[in-house]
Amino acid sequence: MLSLQAKLSTIGETLVKDEIVSQHPEILAFIFDVSQLYREECLSAPLESDQVQQHKVRDLETAVIVKTKYDMFTLVNHHRWDLMNLIGIVKEECPGNKFQVPSPFSRLWPEFDAVRFSGYDESSAKRSVTILSLDYFSQSRTSLNTLSYEDKRVQKVVLPGPRAPVEVYQIQQATMLPNQLFILHDQWVYQACECQHMPLCTFGTTANLLVSGACLIERGSHGTQIKEKILKHYAVLSGQRATAESLAKTTGFSSQYIEWLNQELERACPACHLTGTHKFVPEDRFHCPGRPMFSFCDTTATQASPYYDFSSTADTLSQEAYQKFEGGLVSRAVEKEPAVSISKIISAETPDKQVYQAEARGDTHTTVDVFCKTSPNADSEVKAAKLAAAYYPRIQVPRISASGDLLYPLFKGTTQADLRLSYIKGGCNDWKTAERLLYAELVKAEDTLRAYRKSLSQNTVWEEDAEDRLARLFHFRSIESTLRQFYGDAIQLMGKSIPLHSFLRRSWVINGIRYPCLKALFLPAYCNSASSSLQNSPCPMVFGLGDAHGENVMISSETSERGSPRVLFVDQKFAGVHPVMLDLASPLYNDVFFAALHNDPTLPGEGIDLRCKVREDTIFLNFGPKVGPLTQAILDIKLRYLIRPLCEEAQKLGCSLDSHVPMLSMALLLCATLTRSFAGDEAAFLFNFAMGVVLSSSKNWKEFCTNFEELGFSTGWAPA
């Protein structure tokens, strides 16, 4: 039997077309992920050359190294058929030949380092190639921004553990471009944040391919040099030499392939033997044994200023479907059109609002699904949607029918909040659902940051109707009346009936720290809610959706061909120009303290040990919150991919948001206490009020992070 290296050479001759490579001297290396050909479940021994075609390879990953970044541009845009033939693609994944690499004269040219091109072979198996250049590897950077049609932001990595595999979720942000392509913000090595002592490092998706793949073509030693550079970086961060056990797909590798791979890693980076070899991290080194860990990419967004106006690409009902609806081809009445399926929904917010779902059949060949909504404020809803669509790409703009109904394309999915509730009620163990929730959270951070950056660059100014919107969102003008509406004239607490006016004047002692009474804490809300105070606030003004939390974000039921679900922002009734700190508050509290707001802070993974005593003028509260891994990851996403880059953007414009943290703290208090009634649920009442009281004391970012840590979270940094 030939050696494994000889087998790989034979496979290379089978898969790689030499005549194409000879026509493109700019191609310096062709790296092929052969791991799936050597998995235990496939074969116990390496494949013979004549077995390669018989074995159905799914999701075949390759990498091509070219001389210059310009060569990436020409290879994809001008020699596409050669590229497709090289990797066996007969059909592009991106429809209509729309995948084009920006030219060197484009403002997007500096924003990407690599290009990911994908499609399907004759057997409909997925084939992908990541194209990189020596220009990129000649730099000292280890971040990697990849232009891609796919949008995969959460990668699951399984490493061997002492008793059970360790699951690490690599989270990377991405940026949607106006042409509906994405720049994926990757990096060579990720460091998991849950490890107490030794950092647990994993290779990024592309780096994993580069160090573990086989160089089927190599002109010179460029492929080997690239592997050495990545492996040295891994050794520096982890303090260990990478072995086969360090790689993402180790589980299931055949012993022969592992032996060959270890030899290859040693050959590629002989200097790395100066550090220790890869070691298993004991389970007791983790905060949550047996629970997944998370590692985050450092890159948050593209550097170019986001002047994009997404209005032209907003999701709206086609003109053809609209005309069919107006022509009577669609009916909401079953007796008029038995073929139409209808489900009537009464809105919980306004009982007189009627919402219908109708399946509109224009002819025997096409089916159009239309979401029909009756609203007394149709014109204002259309106006708000159009305004939001200029800043946010995932917005639906309705049409108005002759009868005054709002017509939307039907979005088949569920809200992020409902999906999260199902995840919690299922025991917090369904990590397929968790991936969808994390993806939606990343999209929210991306779109919100883009809208803020665009607003700041345009010096957005106060709007006349902003005061009314904010008053409705935060109950500025009706704090005591809202509490009275929720709880009556007295608060029932620990078997006592405390008059509301007395309850508001009692100070709080939470985990041994004394805080002012609610009457004093609410005072800034009273004082700062006046139009003149908000309008003259030095806090930067931005366009935002106001309440873009999980209840107003929908996730599609199906995963798209891009590798992720669709996400849609709904209900723009609070959309407009606001002080940025007020726009941040509602999504931050509603998403991070989701379990507490939904009347059950003792849900699985979100435990709390709560003890309360009520004295004459003080409420004593002690609790030990336990934050679940998904909740911690959601806060991490908001801090890393929204708040921190927002602070950096403001600093570029000569503004520090540190002095405006009290406004955010005030709004978080209002979200915690006035968002919904907790009557009849003493634990939820105390927990939410305590959260609001603790967070209200934040005077700057350092205190903001300290208070979140007091509530059981890990923050790891404080914006300047």
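The values are calculated or read from the model by the stated rules, or taken from the named source; none is laboratory data. Please read all numbers here as calculations on a predicted model, not as lab measurements. So basically every Cβ, Gly included, is an ideal-geometry build from the backbone, and we count neighbours across all protein chains shown. Calculation scope for accessible area: heavy atoms of the full protein, side chains included, ligands and nucleic acids excluded. Shrake-Rupley method; radii C 1.70, N 1.55, O 1.52, S 1.80 Å.
Taking the criterion of being touching a residue at least 60 places away in the same chain (Cβ under 8 Å) and within 11 Å of Ser295 (Cβ to Cβ), the residues of the range 168-196 that qualify are Val168, Tyr169, Gln170, Ile171, Gln172, Gln187, Tyr190, Gln191, Ala192, Cys193, Glu194, Cys195. Residues in the range 469-492 that are at pLDDT below 90 and of a type in the set (A, V, I, L, M): Leu470, Ala471, Leu473, Ile479.
Annotation: Tyr589 fulfils all but one of (1) buried (at least 22 other Cβ atoms within 10 Å of the Cβ); (2) more than 16 Å from the chain's Cα centre (by Cα); (3) at pLDDT below 95; the unmet one is (3). When residues in the range 384-400 are screened for being open to solvent by less than 10 Å² (accessible area, probe 1.4 Å) and part of a loop (DSSP other than H, G, I, E, B), 2 of them pass.
Looking at the range 686-698, can you tell me whether even one residue there is outside any helix (DSSP H, G or I), open to solvent by less than 50 Å² (accessible area, probe 1.4 Å) and among the small types (Gly, Ala, Ser)? Yes: the range 686-698 contains one or more residues that are outside any helix (DSSP H, G or I), open to solvent by less than 50 Å² (accessible area, probe 1.4 Å) and among the small types (Gly, Ala, Ser). In the range 212-236, what residues are open to solvent by 60 Å² or more (accessible area, probe 1.4 Å) and either closer than 21 Å to Val189 by Cβ or within 32 Å of the chain's Cα centre (by Cα) (or both)? Scanning the range 212-236 gives Gln225, Lys229, Lys232, Val236.
The numbered conditions (1) modelled with pLDDT under 95; (2) outside any loop (DSSP other than H, G, I, E, B) are all true for Leu184 except (1).
Quickly run through the range 287-310 and pick out the residues that are of a type in the set (D, E, K, R), closer than 23 Å to Leu159 by Cα and at pLDDT 75 or above. Passing the criteria: only Asp298. Taking residues in the range 471-491 that are more than 20 Å from Tyr589 (Cα to Cα), and partners anywhere that are part of a helix (DSSP H, G or I), the pairs with Cβ atoms closer than 6 Å and at least 6 places apart or on different chains are Arg477/Ala471; Asp489/Leu500; Ile491/Phe503.
Does Tyr423 fit the bill of being within 24 Å of His598 (Cα to Cα), at pLDDT 95 or above and not in a loop (DSSP other than H, G, I, E, B)? In short, no.
Could you run through the range 131-171 and say how many residues are open to solvent by 40 Å² or more (accessible area, probe 1.4 Å), under 24 Å from Ile65 (Cα atoms) and assigned to a strand (DSSP E or B)?
So the answer is 1.
Counting only strands (runs of 3 or more DSSP E) that sit completely within the range 548-591, those holding 2 or more residues that are closer than 22 Å to Phe182 by Cβ and among the aliphatic types (A, V, I, L, M) correspond to 553-559, 565-569. Taking the criterion of being in contact with a strand residue (DSSP E or B) (Cβ under 7 Å, 6 or more places away or on another chain) and either open to solvent by 10 Å² or more (accessible area, probe 1.4 Å) or modelled with pLDDT under 90 (or both), the residues of the range 546-555 that qualify are Ala548, Glu551, Asn552, Met554. Among the residues of the range 523-531, is there at least one that is modelled with pLDDT of 90 or more, open to solvent by less than 10 Å² (accessible area, probe 1.4 Å) and hydrophobic (A, V, I, L, M, F, W, C)? Within the range 523-531 (the criterion being modelled with pLDDT of 90 or more, open to solvent by less than 10 Å² (accessible area, probe 1.4 Å) and hydrophobic (A, V, I, L, M, F, W, C)), the answer is no, since none of the residues qualifies. Looking only at the range 329-350, decide whether some residue is assigned to a strand (DSSP E or B), modelled with pLDDT under 85, surrounded by 15 or more Cβ atoms within 10 Å (Cβ to Cβ) and not acidic (Asp, Glu). No, the range 329-350 contains no residue that is assigned to a strand (DSSP E or B), modelled with pLDDT under 85, surrounded by 15 or more Cβ atoms within 10 Å (Cβ to Cβ) and not acidic (Asp, Glu).
Just name the residue that is modelled with the lowest pLDDT out of those in the range 261-286 that are open to solvent by less than 20 Å² (accessible area, probe 1.4 Å) and part of a loop (DSSP other than H, G, I, E, B). Checking each candidate, the answer is Val281. Exactly one residue out of Leu200, Leu181 is within 30 Å of Glu93 (Cα to Cα) and either of a type outside the set (D, E, K, R) or buried (at least 22 other Cβ atoms within 10 Å of the Cβ) (or both): that is Leu181. If the condition is being more than 27 Å from the chain's Cα centre (by Cα), farther than 17 Å from Phe503 by Cα and without any contact (Cβ under 8 Å) to a residue 40 or more places away in the chain, then the range 678-701 contributes only Lys699.
Scanning the range 246-260 turns up one or more residues that are assigned to a helix (DSSP H, G or I), touching a strand residue (DSSP E or B) at 6+ places or on another chain (Cβ under 8 Å) and at pLDDT 85 or above.
Screening Thr415, Thr374 for residues that are within 30 Å of Val157 (Cα to Cα) and either surrounded by fewer than 19 Cβ atoms within 10 Å (Cβ to Cβ) or not basic (Lys, Arg) (or both) leaves exactly one candidate, Thr415.
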